[in-house]
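The values are calculated or read from the model by the stated rules, or taken from the named source; none is laboratory data. Here the structure is a predicted model, which means the values were calculated and not measured. Backbone-built Cβ (ideal geometry, glycine too); neighbour counts: all protein chains shown. These area figures cover heavy atoms from the full protein model, side chains too; ligands, DNA and RNA do not enter into them. Shrake-Rupley method; radii C 1.70, N 1.55, O 1.52, S 1.80 Å.
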Amino acid sequence: MTRLNGRAWRTAAIGAIVSVLSGPVLAEEIFYVSGAVGNAVEDFKSLVKPWEEATGNTVTMVPMPASTTDQFGQYRLWLAAGASDIDVYQTDVIWAPQLADHFVDLTEIAKDAAPQHFPSIIESQTVNGKLVALPVFTDAPALYYRKDLLEKYGKPVPATWEELTITAQEIQDAERAAGKADLWGFVWQGNAYEGLTCNALEWVKSFGGGQIVEPDGTISINNEKAALALDTVKGWVGTISPEGVLAYQEEEARGVWQTGNAVFMRNWPYAYGLGNGDDSAVKGLFDVAPLPTGGGSDSSAATLGGWNVAVSKYSTKQEAAISLVLFLAGPEAQKERAVKSSNLPTLMALYDDPDIAAAQPIIPRWKEVFLQAVPRPSAPTKGKYNEVSAKFWSAVHQTLSGNGSAAENLELLEVELTDIKGSEW
Ligand code: GLC
């Protein structure tokens, strides 16, 4: 913040001097804060270039840690302090209810643009009638699998978690015996952070164990199916997944996968384009499928993710900031993100775009997966979502680390969530 303050101050000071000398200064420097995975920081420069050229403004990206949990903590501090250094925040789909008060209402400004997006996404960013952010991409994870290895061992793409467990173990054992000592069966995100909430919601929901807190606000997590799901996953740690998976976020999983050291990976679509990059050991060797089902249940579950852009109420450059968020949520920027970074568009029309389909075949295929994706309970738990999620991922992390059984930890979690809820969410 000190550096930024200094810089913002300098910009303001120079601006003031120039305006005294030559009238109003039109060009603005917009500070854009965002987390980043993959090549996001590099790609962002070319993404905003057309807007910079068209408006004469510039955008400076302030990169955040990759963990959405760490970003949230930092954003909350800045916003609570009313910091004017940051003009535009890139926000996770789950944050709208918690941060709504700090952002400009985009309802009027985006009234023509909003109907071009999937209605459910606009709805997720609308809090008490206020449109707090505009979507730039949506997210729904995939099961990445090595086509070459499944073919070599005559295995189908697993439809259930139980089948995945067996296939992963068999291929891992056989490949290790043949000298591939570093190969693991399955990598995913087991660190104690928001990403584990996403993974664990998928296990629980696909085992028929509900979605932690149901849309009507009922706390449902303490049930046998949820416990069975977590016990199943506990069995992966140290067998088909490295012990270290309990510290993995998205990029660590992708690192193992993209160097050719995993049979299966759970990750978001951004890993698709990168996996097919020239520097990837798995280029052309993999495909994606929906995540498996488990425990005899018949529907798979993908957690709904996605990112949005919001204008800070404390920004002194709101006009330029609003113009930037309209651009980033618009068709030109979303298409570039799709083609270059395999991010799923939120603009409905882009799912019929031939250039996107040719560059990133996952995108048209993933429309259905995303439309059926399971939201985390950020809407029913309102301002308390982060606390709820933190309790959930901690209970899961404890279970996977061997501290208490799934049944015990979920029972305790229910008590904690009931306490957080109080008389109402
Ligand atoms: C992805 C999702 C986001 C989620 C995060 C968890 O970035 O888009 O919604 O919270 O992963 O790590």
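Can you say whether Ala379 is in contact (Cβ under 8 Å) with a residue 12 or more places away in the chain, assigned to a helix (DSSP H, G or I) and more than 30 Å from Gly284 (Cβ to Cβ), as far as the supplied structure shows? Criteria met by Ala379.
For Ala229, state whether it is within 16 Å of the ligand (Cβ to nearest atom), open to solvent by less than 40 Å² (accessible area, probe 1.4 Å) and part of a helix (DSSP H, G or I). Lay out the reasoning, then the answer.
Numbers: within 16 Å of the ligand (Cβ to nearest atom): no; open to solvent by less than 40 Å² (accessible area, probe 1.4 Å): yes; part of a helix (DSSP H, G or I): yes.
No: the conditions fail for Ala229.
Within region 289-313, the set of residues being small (Gly, Ala, Ser) and within 16 Å of the ligand (Cβ to nearest atom) comprises Ala301, Ala302, Gly305, Gly306, Ala310. The residue that is farthest from the chain's Cα centre (by Cα), counting only those in region 129-152 that are surrounded by 14 or more Cβ atoms within 10 Å (Cβ to Cβ) and more than 26 Å from Leu274 (Cα to Cα), is Lys130. Take region 175-197 and flag every residue that is touching a Leu at 6+ places or on another chain (Cβ under 9 Å) and assigned to a helix (DSSP H, G or I). Scanning region 175-197 gives Glu175, Arg176, Leu196.
Does Gly330 fit the bill of being among the small types (Gly, Ala, Ser) and either over 28 Å from Asn276 (Cα atoms) or open to solvent by 60 Å² or more (accessible area, probe 1.4 Å) (or both)?
Details: among the small types (Gly, Ala, Ser): yes; either over 28 Å from Asn276 (Cα atoms) or open to solvent by 60 Å² or more (accessible area, probe 1.4 Å) (or both): no.
Spelling it out, it is not the case that Gly330 is among the small types (Gly, Ala, Ser) and either over 28 Å from Asn276 (Cα atoms) or open to solvent by 60 Å² or more (accessible area, probe 1.4 Å) (or both).
Across region 249-272, the number of residues qualifying as within 15 Å of the ligand (Cβ to nearest atom) and closer than 26 Å to Gln372 by Cβ comes to 12. Selection of region 195-226 for residues being open to solvent by 10 Å² or more (accessible area, probe 1.4 Å), within 18 Å of Val374 (Cα to Cα), of a type in the set (S, T, N, Q) and more than 16 Å from the ligand (Cβ to nearest atom) yields Thr218, Ser220. Taken together, the criteria exclude Ala247 from residues that are in contact (Cβ under 8 Å) with a residue 24 or more places away in the chain and open to solvent by less than 20 Å² (accessible area, probe 1.4 Å).
Kindly establish whether Glu368 is acidic (Asp, Glu), touching a residue at least 40 places away in the same chain (Cβ under 8 Å) and surrounded by fewer than 17 Cβ atoms within 10 Å (Cβ to Cβ).
On the way: acidic (Asp, Glu): yes; touching a residue at least 40 places away in the same chain (Cβ under 8 Å): no; surrounded by fewer than 17 Cβ atoms within 10 Å (Cβ to Cβ): yes.
No; evaluated as a whole, the condition is false for this residue.
Residues that are open to solvent by 30 Å² or more (accessible area, probe 1.4 Å) and either within 16 Å of the ligand (Cβ to nearest atom) or under 13 Å from Ala321 (Cβ atoms) (or both) within region 44-56 comprise just one, Thr55. May I ask you to verify whether Tyr385 is over 21 Å from Asp92 (Cβ atoms) and either touching a residue at least 12 places away in the same chain (Cβ under 8 Å) or open to solvent by less than 40 Å² (accessible area, probe 1.4 Å) (or both)? Considered against the rule, which asks whether it is over 21 Å from Asp92 (Cβ atoms) and either touching a residue at least 12 places away in the same chain (Cβ under 8 Å) or open to solvent by less than 40 Å² (accessible area, probe 1.4 Å) (or both), Tyr385 comes out as no.
Would you check if Ser312 is of a type in the set (Ser, Thr, Tyr) and open to solvent by 10 Å² or more (accessible area, probe 1.4 Å)? No; evaluated as a whole, the condition is false for this residue.
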